[in-house]
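Reviewing the structure listed below.
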Amino acid sequence: MRLLDHVTTLKGVGPKKAEALSRLGIRTLEDLVLFFPRTYEDRSSVTDIDQLRTGDKCLVKGRVIRKYVNRYGRKQRLVLKVKDHTGGIEVVFFNASYIAKAVQEGEEYLFYGQVSENRAHLQMIHPSFEKDDGRRGLVPVYPLTKGISQNEIRKLQMQVRDLYDEAEDILPEALREKGRLCPMDYALRNIHFASDVKSLQEARYRFIYDELLVMQTGLFAVRKNIRENRNGIAFEAKGAEKEYVASLPYELTGAQKRAVAEISADLESTKVMNRLIQGDVGSGKTAVAEVAMYKAVKSGYQAVMMAPTEILAKQHYEGMSASFAAHGIKVGLLTGSLGAAARREVLEGLRDGSIQILVGTHAVIQPDVQFHDLGLVITDEQHRFGVDQRTLLKDKGTNPNVLVMTATPIPRTLAVVLYGDLDVSVIDELPPGRQKIDTKCVSSKARPGVYDFVEDQLRDGGQAYVVTPLIEESEAVEARSAEEVAEELTERFDSYNVALIHGAMKQKEKDDIMERFVNGQIDILVATVVIEVGINVPNASVMVIENAERFGLAQLHQLRGRVGRGSRKSYCVLIMGSSSEIAKKRGEIMEQSNDGFFIAEEDLKLRGPGEIFGTRQHGLPDLNIADLAKHLKILDHAKATALDIVKEDPGLDSEKYSVLRRRVVKLFGEEFILNL
Ligand code: ADP
Ligand code: MG
């Protein structure tokens, strides 16, 4: 018997069983050895019946003193009266004639299951049961498929026990010891046949680590950037950043200063910068980006910033033209709605170098956009762009330095996985004077009171956003459309200006409305999620979100970030149309915290990484034993090891990494490895 033999070499496995096993991904004996339990039943000791408590999962040893079948609705109900020396319990099975046959009155059995209560009687419903063979301990529970029972898998696992010594380790001895990991044979023995909780934990740690290591190695290896590119442009204007910082109307926060220092060091070296700035909404990422752009220009290069929406691009453009004009630097704007003549002028300015900084939407990656000498590319709100778009932007220059910015609260740890090739600067501090945005969840019954509150804010000189979800025609009955809400508000707030903005409007119209909102001519802006990212109107102090149950946590946090950007005390009201458990939980988290990173971690716990990121889409494989939401610490360790390995042997070509390489291929698929 060898590891790579087919499962049909096992006793009791014919073509039919083999097919069932293959549905579980088990084809070879090695697959079986690496097929891990889903959970364990703690059968280390028998509990006396008089010690049982409702809800406990317990092992009971007792004699069947009576057995009978009655009807329960349409079901057959098998009842066993079971007794030990301390008391009695009812064991119940539904529609289980095969059990009725298997269990004999007068015999003693072990029953394992959850204790429940039925009219003051203790019960166990559908426990697993067997004759006592004296074995105690942690019993593995494997994932199943049709045609294979729990007992069958356990027996097959018994058959392959002798192969554990043969199983190859993905890590060379030295790295295994460095990671304080238990040996492979020990890990296998204890993941399948744990003698106690401690050894099981060691085994699980080992395999979780291994799986994360394989994933992380794959991600690093495929991102060729890891082979440190030293053909980058070294910006020579050392210290230029200080001039720009000094010209800002405020002092940078400590976190901004740190980010600026990290970026400056990257920019001054010949290493190509590949840096992600993660900063919560309102943390001042734009200023940091401006510093980097200033440094590029002072070193004789151009810089470009790409933003996801016209509104945002325009806002950046306006801010930057003003602040860079003071330094004699010319900024250009390029968006889809630019007229032909204006566009031609911008393109020319870029080619001859008279425009030193370009701001725009994805219009900046059009083929006819050419730069004179592009040294720095920045993507704002990068999660709104695809990988190809970011690549196209980068290709506008020759090894330009790259900065990507995001406010989408990606948990730090996951950012590390998703952007394994990027250096990360975290801006985890808000500019001084920002106050907590008070947040409250209410039902739609409370709407009149909410409007009164909004009116107080307006009277006090503030402005308000009211956001509605995007809705499909067919759902119109349940959710309030933006039009509907705008109409209602216009009536209710007849002495104020209410305006509506939504995605289907012409750009000109949207710009117009935004401008009037910025100038304070509009008091209440009713919007669909077009305003989700980036917009900065410091005077706005209330954010009302209709049908808040339809938004995810990350989106709610982004939306809320539109207020509280100036010195005004700000508020966010979430109006819940209905509330599922998860919507309620989200509401609580929003009320509790203003911290984007905390919210992101909570979101991850609520939804799991798959749902947040569409793991496949980001090139993340489905994991078996590891869980990105739970095993962040282990991930950190595995990542460090993966980085060492890939630095030493980027293609995993050496003999000692051949097993690791095979596992990477297995986890990601053949297609993936072509890129290695
Ligand atoms: P975001 O990180 O969400 O992109 P912005 O860059 O739009 O945030 O900054 C939000 C607001 O904070 C802007 O009005 C900006 O001028 C202001 N700001 C940024 N940094 C500071 C600072 N250090 N002190 C005071 N205000 C700041
Ligand atoms: Mg921003």
Cleavage-rule hits (trypsin sites (Lys or Arg not before Pro)) in the range 26-124: DSSP loop, at most 16 neighbouring Cβ within 10 angstrom: Arg27, Arg38, Arg53, Arg74, Arg119
For the range 633-665 versus the range 363-387, the gap between their alpha-carbon centres in whole angstrom: 33
Peptide ranges 427-433, 400-406, 370-376 listed from the most packed, as the mean C-beta count within 10 angstrom indicates: 400-406, 370-376, 427-433
Amide H within-cut-off set for Ile277, under 5 Å, with H built and near neighbours excluded: Val404, Met405, Thr406, Ser425
Table column - 3J(HN,Hα) (Hz), the range 368-374, Karplus curve with 6.51, -1.76, 1.60, x for Gly and Pro: 7, 7, 10, 9, 6, 7, 7
For the chain: relative contact order, % (alpha-carbon pairs under 8 angstrom, 6 or more apart): 13
Residue-averaged 222 nm ellipticity for the chain, from DSSP H runs of 4+ at -39500 (n - 2.57), nearest 500: -11500 deg cm²/dmol
Prolate/oblate/rounded label for the range 45-135 (Cα gyration tensor, a/c 1.5): oblate
Euclidean distance between Cα centres, the range 23-52 to the range 232-295, Å: 53
Highest average packing first - 487-496, 272-281, Cβ atoms within 10 Å: 272-281, 487-496
J(HN,Hα) series, the range 580-591, from Karplus relation 6.51 cos²θ - 1.76 cosθ + 1.60, nearest Hz, glycine and proline x: 6, 4, 5, 5, 4, 4, 4, x, 4, 5, 5, 5
The chain: C-alpha gyration tensor shape, a/c 1.5 cut-off, then a/b vs b/c: oblate
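Rounded to the nearest percent, how much of the accessible area of the chain (1.4 Å probe, protein heavy atoms only) is carbon and sulfur?
That share works out to 48 percent.
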³J(HN,Hα) computed for each position of the range 357-362 - Karplus, 6.51 cos²θ - 1.76 cosθ + 1.60, integer Hz, glycine/proline x: 10, 10, 10, x, 8, 5
Solvent-accessible heavy-atom area per residue, rounded to whole Å², over the chain at 1.4 Å: 46
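Among DSSP beta bridges whose residues both lie in the chain, state the antiparallel percentage, nearest 5.
40
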The range 98-142 and the range 188-209: distance between their alpha carbon centers, rounded to Å: 26
Loop-resident sites, the range 17-112, for GluC sites (Glu not before Pro), counting at most 16 other Cβ within 10 Å (DSSP): Glu105, Glu107
Ranked packing of 176-182, 455-461, most packed first, by mean Cβ within 10 Å: 176-182, 455-461
The range 543-587: GluC sites (Glu not before Pro) in DSSP loop, at most 12 other beta carbons within 10 Å: none
The range 438-593: C-alpha gyration tensor shape, a/c 1.5 cut-off, then a/b vs b/c: rounded
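The values are calculated or read from the model by the stated rules, or taken from the named source; none is laboratory data. Treat the numbers as computed from the prediction; the structure is a model and nothing was measured. Glycine gets a Cβ as well: all are built from the backbone with ideal geometry, and neighbour counts include every protein chain shown. Each accessible area value is taken on the protein alone, full model and side chains, heavy atoms only, with ligands, DNA and RNA left out. Shrake-Rupley method; radii C 1.70, N 1.55, O 1.52, S 1.80 Å.
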